[in-house]
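Worksheet: one structure, shown below.
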Amino acid sequence: MVSESFASFKDETREALEKLARIAPEAAATLQVLVEELRDPRVHGFGIDPDTASWLRSASDGLGHLQDTAPLLWRTASALGHLQDSASTLYSAADSLRGAEDIARAVQDGASELMKAEGLIVRLKLAAEELRRARGGY
């Protein structure tokens, strides 16, 4: 859009200077020098290179969705604002969980062993009942 605007300005300026040259050639030549200086960013420092303008347009197209998501991001940031106070506590909690994976694995192994023992307990109960029956019911 900016590069299109610059191209349009250049065309319109050229046409106007051509018309002026028919009436006042010296004035047109002076204005031509001025217009060329205005187009040169080195002279005034605010000119935008067409490649830069194109790059900015692509970047703005890529960021166009932000106008829709900005309110959502704002609400989320506001809702999470208290986390800055909790960050050190969360870090300490996470740090204290180091090695917990080994503990969890040991607990899991212990639970597996208990599952095996459950079958053994059932067999022991059955054996105890058979032994009671064999001794006469006590």
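Looking across R132, R98, one residue alone is among the charged types (D, E, K, R) and part of a helix (DSSP H, G or I). It is R132.
Specify the residue that is farthest from the chain's Cα centre (by Cα); the eligible residues are those in the stretch 55-77 that are modelled with pLDDT of 80 or more and hydroxyl-bearing (S, T, Y). Filtering the stretch 55-77 for residues that are modelled with pLDDT of 80 or more and hydroxyl-bearing (S, T, Y), the one farthest from the chain's Cα centre (by Cα) comes out as S58. Taken as a whole, the structure leaves K125 outside the set of residues that are in a helix (DSSP H, G or I), modelled with pLDDT under 80, basic (K, R) and over 30 Å from T13 (Cβ atoms).
Against the conditions (1) acidic (D, E); (2) surrounded by 10 or more Cβ atoms within 10 Å (Cβ to Cβ); (3) modelled with pLDDT of 80 or more, E26 satisfies every one except (2).
The values are calculated or read from the model by the stated rules, or taken from the named source; none is laboratory data. Owing to the predicted nature of the structure, the values given are computational and were not obtained by experimental measurement. Backbone-built Cβ (ideal geometry, glycine too); neighbour counts: all protein chains shown.
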